[in-house]
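Structure, as structure tokens:
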């Protein structure tokens with residue numbers, strides 16, 4: 001069974017990052033959740049980045065606010081796909097510092113980046129990555145996307161009835 005690591009820089013990021021955990025659970029994908037601060041626990045960051053694949057992880061979702069070094073540093077150490085979630089934190093510049101810190105990675109160190117506070121999309125992207133080689137997860141993603149379509153169609157019907 002594939003497993004996704006969901007890490008964040010501090011406990012204050014959990015409110016946002018929980019959305020990734022929740023959607024991954026919905027897809028039946030096991031998660032490993034931890035706090036790994038790029039600035040306050042650099043040794044833990046190094047260990048996590050170098051060894052995540054040895055623990056059976058298929059992808060890592062890393063959320064960070066402010067200077068947001070966590071996703072890029074993990075990507076520099078790990079052979080796994082890393083999905084960065086910029087988090088709008090109390091010390092951020094309206095979230096732009098986090099977005100740009102995660103988005104503007106140098107060549108050779110890719111980080112797939114989702115929208116500010118977009119942890120749910122990070123979870124869906126991780127499921128799609130896993131689904132590229134796991135038929136059962138792929139079908140769950142297909143079913144999920146079909147449910148989104150049905151929700152829009154139902155909403156459109158309700159709007160037309162009211163109008």
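Just so it is clear, none of the values below were taken in a lab; they were calculated from the coordinates. Remember, predicted model here, so these are calculated numbers, not experimental data. Cβ placement follows ideal geometry from the backbone for every residue including glycine, while neighbour counts extend to all protein chains displayed.
Which FRET efficiency value, to the nearest 0.05, do you get for residue 136 and residue 37 by plugging their Cβ-Cβ distance into 1/(1 + (r/R0)^6) with R0 = 30 Å?
0.30
When the helices in the chain are scored as -39500 (n - 2.57) per DSSP H run of 4 or longer and the sum is shared across all residues, what 222 nm value do you end up with, to the nearest 500 deg cm²/dmol?
Rounded to the nearest 500, it is -15500 deg cm²/dmol.
For the Cα atoms of the chain, what angle does the longest principal axis make with the long axis of helix 42-51, in degrees from 0 to 90, nearest 10?
Tilt of helix 42-51: around 60 degrees.
At a 10 angstrom cut-off on C-beta neighbours, averaged per residue, how do the peptides 85-94, 154-163 rank from highest to lowest?
My ranking of the peptides, most packed first, is 85-94, 154-163.
Be a star and scan the range 12-43 for residues whose amide nitrogen sits under 20 Å from the point 7 Å along the Cα-to-Cβ vector of residue 51.
31-43
I'd like the FRET efficiency for residue 158 and residue 115, computed as 1/(1 + (r/R0)^6) with the beta carbon distance as r and R0 of 45 Å, rounded to 0.05.
According to the calculation, E is roughly 0.95.
Quick one: angle between helix 135-162 and the longest Cα principal axis of the chain, in degrees between 0 and 90, rounded to 10, please.
So the helix axis and the longest Cα principal axis differ by about 50 degrees.
Contact order normalised by length for the range 50-163, with contacts defined as Cα pairs under 8 Å and 6 or more residues apart; what percent is it?
Reported as a whole number, the value is 21 percent.
Would you mind putting 111-119, 68-76 in packing order, based on average other-beta-carbon counts within 10 Å, highest first?
Final packing ranking: 68-76, 111-119.
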